[in-house]
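S.K.: A single structure is presented below for examination.
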Amino acid sequence: MSGYAQGIVAIFCINLIFAYAIFITAASGQLNLGGAGFQAIGAYSAAVLSNAGWTAGWATVPAAMAVTALAGFLIAFPVLRARGVYMVLATFAFAEVVSGVLLRTKSLGGAIGMVVPDYLALPALAGSAAAAMLFVFFLMTTRFGLAIRAIHDDETVAGVMGVGVRSMQVAVFTLGGALAGLSGALYAHHFSFVEAQYFNSQLSIFVLLFVLIGGTQTAWGPLAGTLFFTLLPELLRVGGSWRFVVFGAAIVVMMIVRPQGMITRALADRLSPRHWRKAPPAIAARGRHGG
Amino acid sequence: MADDIMLSLEGLAKNFGGLAVIDGVSFRVPRGGRTALIGPNGAGKTTLFNLMSGVYPLDRGSITLDGARIDGLPVRRRIACGLSRSFQNIRLMAHLSVIENVMLGQHSQIAGLRQMFAPAQGRRGAPARVMAEERLRAAGVDCDPDAPVSGLPYGTRKRIEVVRALMSKPKLLMLDEPAAGLNPRETAELSAFLKGAAAEGLTLLVVEHDMAFVRGLCEHTIVLNFGRGIYDGPTAGVQDDAAVREAYLGTRGPPAREAGHAA
């Protein structure tokens with residue numbers, strides 16, 4: 001694989017984990033517009049621990065996940081006091097605070113950033129991305145997944161049905177924090193350098209777009225969204241600086257054509273092998289006539 | 001003492017702003033009984049359901065279910081105490097399939113984190129899913145359990161909501177206009193189904209405008225008007241009660257008063 005391709009695959013893996021972090025909260029109806037803040041906490045935790053002599057890269061990663069999960073848990077309480085768009089703005093403000101603190105803290109390198117001694121190669125990133133994806137797919141098939149999807153549709157009724165709405169929302173912020181921390185730690189160890197400017201509001205917006213354009217109804221959505229957002233800008237490189245215009249237009253078109261996201265529940269069902277196995281004969285007949 | 005009482009409301013009150021929507025309502029629902037709660041629009045029937053299920057906090061009064069006070073409990077705990085309900089406007093989860101909606105009704109039965117993170121709805125043959133499918137069939141819901149609920153006919157969705165409410169194995173089932181929008185055949189089927197459930201020990205409290213349905217199902221009726229109870233007795237006596245007739249039809253007041261209104 002060329003260095004260029006390897007770079008794209010690495011960013012894809014990191015973005016995919018990041019997208020699943022945001023997806024978990026989005027699946028329960030909470031939009032997190034502060035993803036970069038969580039990823040930054042994971043990346044800087046890994047960088048600090050690596051510099052402090054936790055030499056094996058694999059030890060800093062779970063530690064960074066734990067720190068970010070704790071941040072997600074703690075921030076969930078004030079953030080969830082706000083509703084709707086105000087909750088979204090609260091997550092956005094949180095990421096800005098994280099970024100500001102990182103820029104102003106001399107021991108973390110300030111605006112210069114930090115070198116991360118330990119290197120994690122591409123296979124570790126790919127393995128982590130696959131594991132994160134499988135984890136979220138599994139999570140969505142459990143009672144836990146059913147409960148968060150119910151909260152997405154109707155909080156009041158979910159509560160009446162016995163779902164602890166608040167504790168589930170805190171749980172998804174915590175899990176989302178852990179996954180964002182994982183993506184940040186892998187970023188730090190793979191690119192061997194962290195700087196606060198990378199974890200900016202544009203990153204928060206983009207990762208939320210991965211999820212919303214991909215679709216929040218099934219765990220396939222973040223995969224589709226991340227593929228689209230990581231690969232399309234690269235494919236459009238031939239167009240020079242016009243590629244951002246084309247890319248922006250493509251996003252608008254996607255939102256018009258598939259407002260519920262690229263992968264919806266109905267589409268996933270239609271493509272699943274289970275559907276074909278029990279497909280009523282009427283569909284086959286219609287297929288014959290309709291061509 | 002109250003072995004024959006399933007639900008007891010004492011002096012319930014709820015204000016929205018300065019408006020007393022529920023103003024000192026007290027009544028009892030006998031164990032295993034089929035009780036109707038009726039009243040003109042705006043009488044406070046749905047608000048009363050919301051107070052009982054904990055969607056709104058109570059201003060005053062007490063709610064006792066099967067001998068235990070439940071008015072201090074958060075919403076999610078009340079279903080585990082045996083109180084389950086349906087909603088006036090169908091409130092199924094639009095993005096969930098039929099079987100997932102019904103299995104959500106089992107949520108209060110989950111014990112511990114292990115069951116919370118055990119694979120659930122997708123797997124065919126899983127005991128919880130089999131049970132949900134059986135309940136759907138028993139209620140006469142004949143549709144693909146994996147179909148999304150949003151595309152189903154109104155009457156089917158209405159019945160799915162009743163099945164969902166039954167999945168928590170409630171002691172008291174509160175139904176908010178279960179027959180609204182159903183055709184006569186569906187209404188008769190629902191009535192027979194609910195009678196069967198009551199025969200197995202379920203206590204029913206039903207808000208309904210369809211008086212034929214109420215007369216066929218409920219032996220006992222409570223009438224509410226402007227947030228107060230105005231009748232509490234056998235269903236057969238409702239239409240002869242002066243206060244109830246006044247609430248629904250208005251008073252035959254003296255001409256002077258009508259002239260006063262017109263002015």
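The values are calculated or read from the model by the stated rules, or taken from the named source; none is laboratory data. Keep in mind it's a predicted model, so treat the numbers as computed, not measured. Using ideal geometry, Cβ is built from the backbone for each residue, glycine included, and neighbour counts are taken over all protein chains shown. Areas reflect the complete protein model, heavy atoms only, side chains present, ligands, DNA and RNA absent. Shrake-Rupley method; radii C 1.70, N 1.55, O 1.52, S 1.80 Å.
S.K.: Can you tell me which residues in region B:123-147 are closer than 24 Å to residue B:177 by Cα, of a type in the set (A, V, I, L, M) and either more than 24 Å from the chain's Cα centre (by Cα) or in a helix (DSSP H, G or I) (or both)?
M.R.: B:132, B:136, B:138
S.K.: Tell me yes or no: at least one residue of region A:173-184 is within 11 Å of chain B (Cβ to nearest Cβ), within 30 Å of residue B:50 (Cβ to Cβ) and not β-branched (Val, Ile, Thr).
M.R.: Looking for residues that are within 11 Å of chain B (Cβ to nearest Cβ), within 30 Å of residue B:50 (Cβ to Cβ) and not β-branched (Val, Ile, Thr), one finds none in region A:173-184, hence no.
S.K.: Another question, if that's okay. Would you check if there is a residue in region A:103-110 being within 14 Å of chain B (Cβ to nearest Cβ), open to solvent by 20 Å² or more (accessible area, probe 1.4 Å) and without any contact (Cβ under 8 Å) to a residue 12 or more places away in the chain?
M.R.: no
S.K.: So which residues in region A:141-200 are polar (S, T, N, Q), touching a Phe, Trp or Tyr at 6+ places or on another chain (Cβ under 7 Å) and either crowded, with 20+ Cβ neighbours inside 10 Å or in contact (Cβ under 8 Å) with a residue 40 or more places away in the chain (or both), if there are any at all?
M.R.: Matches in region A:141-200: A:174, A:183, A:192.
S.K.: Same structure, new question: Return the only residue of B:242, B:165, B:192 being in contact (Cβ under 8 Å) with a residue 24 or more places away in the chain and of a type outside the set (Ser, Thr, Tyr).
M.R.: B:165
S.K.: Testing residue A:155 on (1) under 14 Å from the mean Cα position of the chain (by Cα); (2) within 14 Å of chain B (Cβ to nearest Cβ); (3) not small (Gly, Ala, Ser), one condition comes back false. Which one is that?
M.R.: (1)
S.K.: Condition first: in a helix (DSSP H, G or I), within 20 Å of the chain's Cα centre (by Cα) and away from chain A (no Cβ under 14 Å). Can you find one or more residues in region B:90-104 that meet it?
M.R.: No, region B:90-104 has no match at all.
S.K.: Further question: All but one of (1) touching a strand residue (DSSP E or B) at 6+ places or on another chain (Cβ under 9 Å); (2) at pLDDT 95 or above; (3) surrounded by fewer than 24 Cβ atoms within 10 Å (Cβ to Cβ) hold for residue A:43; which doesn't?
M.R.: It fails just one condition, (3).
S.K.: Here is a follow-up. Please state which one of B:39, B:18, B:33 is on the phi > 0 side of the Ramachandran plot, in the same structural domain as residue B:70 (by TED's automatic domain parsing) and not hydrophobic (A, V, I, L, M, F, W, C).
M.R.: Going through B:39, B:18, B:33 in turn, the sole match is B:39.
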